Amino acid sequence: MGPLPGTFAPTAFLATAGPWTPPVPVPPRPTEAERRVALETGTGLEALRLPTPPPAGARLGDGTWEGLFEQLGTRLPGEYVRLMET
């Protein structure tokens, strides 16, 4: 393809294009061994949080837990609700 020219022109398809910003670095995920220990020996919410760390930006929605329970016709387990809130 050869060297790129020293100048460029904006494309008509991306009228609002700008410089790219790299994403924020993500903390390292637990190793396979750490996940295995959590799954085999852990209990409760802490055992669930290690293999599934919270996302950087959660989408919580506009509803409430009570509204969801009403739509489902049942309540969800308390530990599940606490995990999702975390």
Exercise. Relative to the present Cα-Cα distance, how much length would full extension add between Arg36 and Val24 at 0.36 nm per residue of separation?
Worked result: 1.5 nm
Problem set entry | Share of carbon and sulfur in the accessible heavy-atom surface of the range 8-52 [1.4 Å probe, %] | 67 percent
For this session: Using only the Cα atoms of the range 19-86, build the gyration tensor, take square roots of its eigenvalues as a ≥ b ≥ c, and label the shape rounded, prolate or oblate: rounded if a/c is under 1.5, else prolate if a/b is larger than b/c, else oblate.
Result: oblate
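The values are calculated or read from the model by the stated rules, or taken from the named source; none is laboratory data. Keep in mind that what you see is a predicted model, and the values were worked out from it rather than measured. In case anyone asks, the SASA skips ligands and DNA or RNA and just uses the protein heavy atoms, side chains included. Shrake-Rupley method; radii C 1.70, N 1.55, O 1.52, S 1.80 Å.
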